[in-house]
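*Asks:* Pasting a structure here, questions to come.
The values are calculated or read from the model by the stated rules, or taken from the named source; none is laboratory data. Note that the structure is predicted; figures quoted are calculated from it, not measured. No Cβ is skipped: glycine too gets one built from the backbone with ideal geometry, and neighbour counts run over all protein chains shown. Side chains included, ligands, DNA and RNA excluded: accessible areas come from the protein's heavy atoms. Shrake-Rupley method; radii C 1.70, N 1.55, O 1.52, S 1.80 Å.
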Amino acid sequence: MNVRVRLYAQLRDVAGKDEVDVTLPDGSNIENLLEQLYTDIPSLRSHDKGILVGAGLEFVDRKYVIQAGDEISVMPPVQGG
């Protein structure tokens, strides 16, 4: 399955791109996707603890099983004041 991953804020800057296509086996979850992403772009791994992930318009946890057609968003923690 091919998954489109959008990167935001400093993660986009670290990766040098705002979008990545990742190929995963069917039944993969967010944790699997992140591991593949870190293999493809090792500089992202140092941001792992604070990463938030969304599928479509909802935040999901790392056990979320990716569905065909999901667009995954990977972003740093939300900050504000």
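*Asks:* Might you check whether a residue that is in contact (Cβ under 8 Å) with a residue 60 or more places away in the chain and in contact with a Ser or Thr (Cβ under 6 Å, 6 or more places away or on another chain) occurs anywhere in region 58-72?
*Replies:* Yes: region 58-72 contains one or more residues that are in contact (Cβ under 8 Å) with a residue 60 or more places away in the chain and in contact with a Ser or Thr (Cβ under 6 Å, 6 or more places away or on another chain).
*Asks:* Another one. Do the conditions hold for Asp48, that is, is it out of contact with any strand residue (DSSP E or B) (no Cβ under 6 Å at 6 or more places or on another chain), without any contact (Cβ under 8 Å) to a residue 60 or more places away in the chain and surrounded by fewer than 17 Cβ atoms within 10 Å (Cβ to Cβ)?
*Replies:* yes
*Asks:* Take the residues in region 1-25 that are open to solvent by 60 Å² or more (accessible area, probe 1.4 Å) and in contact (Cβ under 8 Å) with a residue 40 or more places away in the chain; name whichever of them is farthest from Asp70 (Cα to Cα). Quick ask: steps written out before the conclusion?
*Replies:* Applying the first criterion (open to solvent by 60 Å² or more (accessible area, probe 1.4 Å)) to region 1-25 yields 2, 4, 6, 8, 10, 12-13, 16-19, 21, 23, 25.
Add one more test, that the residue is in contact (Cβ under 8 Å) with a residue 40 or more places away in the chain, and what stays is 4, 6, 8, 10.
Numbers: Arg4: 8, Arg6: 11, Tyr8: 17, Gln10: 23 Å.
Ranking the candidates gives Gln10 first.
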